[in-house]
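Notes follow the structure.
Derivation of every value follows stated rules applied to the coordinates shown; laboratory data play no part. Not measured: the values here are computed from a predicted model. So basically every Cβ, Gly included, is an ideal-geometry build from the backbone, and we count neighbours across all protein chains shown.
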Amino acid sequence: MENQDTPKLGNQICFPLYVIAKEITGMYRPFLDRLDITYSQYLVMMVLWEEEGLTVNQIGEKLYLDSGTLTPLLKRLEAKSFLQRNRKKEDERVVQVFLTQEGKDLQKLACAIPGKMKEKLNFSDEDLLELKMTVDKILNKVENKK
């Protein structure tokens, strides 16, 4: 006999969101492989392309990552010469992150990715905007529950 209180996978909002995130991240892979970066590294680079000189903590806040997760990402990107980490002179506990010329050059190559992803998804601008607004609404509600 089936327990009516048992959660069913098909009734959960978390599962399709998980699958979508996993599948879309996978769709980025061929484009990011050409740039020699992972999806997580791409997210870090996008934050820095918007505003460089951020601290490790500021980047972590924007990406919802703790320093234990973010630091290895930054180290790998620094090893690839895409960024440079510098301790602040005023407070050596604070590390700021700056793009190198290679990191700035990577931005030019990455500019094509959003268009390629839109083409791959085959959604209209309106559909993508509506989806983004819905996802942002969910994220805001989740954030307000913390």
Given a Förster distance of 22 Å, the FRET efficiency implied by the Cβ-Cβ spacing of Ser81 and Glu61, rounded to the nearest 0.05, works out to 0.30
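What percent does the relative contact order of the chain come to when contacts are Cα pairs within less than 8 Å and at least six residues apart?
Values: 96 pairs, mean separation 26.1, N = 146.
Relative contact order comes out at 18 percent.
Quick check for me: using +1 on Lys/Arg Cβ and -1 on Asp/Glu Cβ, what's the dipole size of region 9-111 about its Cα centre, in debye to the nearest 20?
Details: 14 positive and 14 negative charges, 40 e Å.
Dipole about the Cα centre, nearest 20: 200 debye.
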Bounding extents of region 9-111 in its principal axis frame from Cα atoms, largest first in Å, are 54, 29, 20
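Quick check on region 97-146: take the gyration tensor over C-alpha atoms, sort the square-rooted eigenvalues as a ≥ b ≥ c, and tell me if it's rounded (a/c under 1.5), prolate or oblate. Write down the numbers at each step before the final one.
On the way: a/c = 4.84, a/b = 1.36, b/c = 3.57.
The shape class here is oblate.
With 10 angstrom as the radius, rank Met45, Met27 by how many other C-beta atoms surround their C-beta, starting from the fewest. Working shown, then result.
On the way: Met45 22, Met27 14.
Going from sparsest to densest Cβ surroundings: Met27, Met45.
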For the chain, longest principal axis from Cα atoms; helix 125-145 axis from its Cα atoms; angle between them, nearest 10 degrees, is 90
